[in-house]
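Below: one structure, written as structure tokens.
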Amino acid sequence: MPSDAERSMLAKLKSECGYQFTTKLEGMFTDIRFSKDAMDNPGSEVHAVVRPTILAVDLDVTTLTAGYWPMQATNTCRLPAAAQAVCEPFESFYLKQHTGRKLTWLTSTGSAEIRATFSQAAKHELTVSTYMMCILVLFNDLDHGAEITFAALAAQTQIPRNELKRHVVSLCTPKHRVLLKKSKGKGVSDDDAFKVNIKYSSKLKRVRVPLVAMKEAGAHPDSSDKVPAAVEEDRRHLCEATVVRIMKARKHAKHNDLIAEVTRQLSQRFFPQPQFIKKCIESLLEREYLERDASDSKMYIYMA
Amino acid sequence: MAPKRKSTSKASGAASKKSKAATSASSKKASSPRGSKKKAGGTALAFATYADPDEGYVTFEGLGKLGEDLGIDASSDTKLLVLCWRLGAEKPGCVSEEEWAKLGSEPSLPTCDKPVTLETLKAGWSTLDPAFLENSDFRPFFKFCFEFNREGTKKFLERDTALALLPICIEDRSKHTKTFLEFLETKPEDFKINRDQWCSFLDFSLNVGPAPDFLGWDADESSWPILLDEFVEFAMAKK
């Protein structure tokens, strides 16, 4: 449900920018509201489908309208049989109610709560991502303490490789060592093997396993090196403007302080390399917007 | 003077050859109607003798002639630059009449409160040696070298000008000169050096130890111009 603050923001945007501008946002709110109402209301028809008492899995579905949400439909991974068993009735129920619609499961989002027994003493409820659930459930079919390779994980879950890497590494972090990785270090290779950490323990009964951020998993790892010339030019102007703005306010600043401040102010847009900022400062020195302090070459002075 | 000025270097090249003849040449000029009056005790250093009548300034040509008269090599004698600096020359490559008049009043000049003649200047010429300058005085002089030798409105020195000017200006104050010149040689011919880079080179020389250790150099937090970062890289790679 949108909070009051969100609602008033939406109203302001609507009056300021027009109806067109906010249709998608409103659509998002409507999606969330409908889904929540249906799921929470024990009397609704859908409730009977997703909360069947006979199945071991509870399902909570948020139905989103494709055009409203900035989500790319990625390939659906293969869900564990138990999860598939609840998804199918929902799917057929939904499609019967709304003919002509198409339903895609966004397995790259969402979360799951699973009950895990590491040993008789250590039973935990883990809150994990959908992908992590798929990975962990695979171990149920294996012998106690058996290993599975990364390649096999990829083949059986059909999770995109770089995503799989990120999710499986999240399960091996020192803080939440649910799985044990055979090789040392951060990298994961195809024939790396994983097994359940039967010695896992936590003070908490319910454990949330967070997803690690993986830099090298980014789509364009070295994109910062290859920005188009026009963008580079824009960045230069932006960087110079930032330097001037800071110097205008401070009148003088140490080199390192200035670099740090420019980096901070620009970090929302792009991450400037210190060398890049230095180039901008030098250009400003040359054009006599700034000068170096005669007694301290690390100090810049703003020239009004 | 910077040998980049073709006319100057030619003039001074001639000067070194016929420096003896220079005195007679100047006395001939002194007798010309526009020239200076001959005073008892020597040849007066009149503005009109050296100034370019079209420009209204003593230009590089005039300074070359002064070098000739003094019997020095105008293209390599730093003392001539010190003289212009002491005169407070503001316009690149030019000394105005007003500035020229300081010959008789600027306390640091040998001609101060003495007859402003070629002979007085010649006798005290060695006192203008920049080696006498403290670092705190040398810094503005070094900056002046840049300002005086740049071309009119341009805010940089061409690579070749810098190559010729730097060694005569900085002399033995920098342990980096030789390597830095080699480094500049690797730059393309149209490479330019700006004021900040020029002045920073002096500060760099005074603050950073000799190669290959570059004591006092901090690569991560370097506030030196990128040119000097590149120079250190160059010097380290050379080793």
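Looking across the stretch B:187-196 at every residue that is within 8 Å of another protein chain (Cβ to nearest Cβ) and either of a type in the set (A, V, I, L, M, F, W, C) or part of a helix (DSSP H, G or I) (or both), the one that is surrounded by the fewest Cβ atoms within 10 Å (Cβ to Cβ) is identified as B:Arg195. Out of curiosity, is B:Gly152 without any contact (Cβ under 8 Å) to a residue 12 or more places away in the chain and at positive phi? Spelling it out, it is not the case that B:Gly152 is without any contact (Cβ under 8 Å) to a residue 12 or more places away in the chain and at positive phi.
Only residues that are assigned to a loop (DSSP other than H, G, I, E, B) and not acidic (Asp, Glu) were counted in the stretch B:58-111, giving 20.
So which residues in the stretch A:272-304 are within 10 Å of chain B (Cβ to nearest Cβ), loosely packed, with under 13 Cβ neighbours inside 10 Å and either outside any helix (DSSP H, G or I) or among the aliphatic types (A, V, I, L, M) (or both), if there are any at all? Passing the criteria: A:Arg287, A:Glu288, A:Ser295. In this structure, does B:Glu221 turn out to be within 14 Å of chain A (Cβ to nearest Cβ), charged (D, E, K, R) and more than 23 Å from the chain's Cα centre (by Cα)? Yes: the conditions hold for B:Glu221.
For the stretch A:120-139, the tally of residues that are of a type in the set (Val, Ile, Thr) and part of a helix (DSSP H, G or I) stands at 3. Considering (1) more than 18 Å from B:Trp224 (Cβ to Cβ); (2) within 9 Å of chain B (Cβ to nearest Cβ); (3) charged (D, E, K, R), the lone condition that A:Arg269 does not fulfil carries the number (2). As a summary of the residue check, B:Ser200 satisfies the conditions (1) closer than 22 Å to A:Glu286 by Cα; (2) among the small types (Gly, Ala, Ser); (3) assigned to a loop (DSSP other than H, G, I, E, B) except for the one numbered (3). Of the listed requirements (1) within 14 Å of chain A (Cβ to nearest Cβ); (2) under 24 Å from the mean Cα position of the chain (by Cα); (3) within 18 Å of B:Phe146 (Cβ to Cβ), B:Ile168 misses just one: (1). Taken over the stretch A:155-170, residues that are assigned to a helix (DSSP H, G or I) and under 10 Å from A:Ile135 (Cβ atoms) amount to 6.
Residue-by-condition table, conditions (1) within 14 Å of chain A (Cβ to nearest Cβ); (2) surrounded by 15 or more Cβ atoms within 10 Å (Cβ to Cβ); (3) aliphatic (A, V, I, L, M):
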{"position": "B:Arg139", "(1), (2), (3)": "yes, yes, no"}
{"position": "B:Ala164", "(1), (2), (3)": "no, yes, yes"}
{"position": "B:Glu182", "(1), (2), (3)": "no, no, no"}
{"position": "B:Glu185", "(1), (2), (3)": "no, no, no"}
{"position": "B:Leu202", "(1), (2), (3)": "yes, yes, yes"}
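The lone criterion from (1) within 20 Å of the chain's Cα centre (by Cα); (2) over 14 Å from A:Val212 (Cα atoms) left unmet by A:His167 is number (2).
Read-outs throughout are calculated quantities, based only on the coordinates presented, and are distinct from any laboratory measurement. All figures in this text were calculated on a predicted structure; none of them were measured in a lab. In this analysis, Cβ positions are derived from the backbone assuming ideal geometry, glycine residues included, and neighbour counts consider all displayed protein chains.
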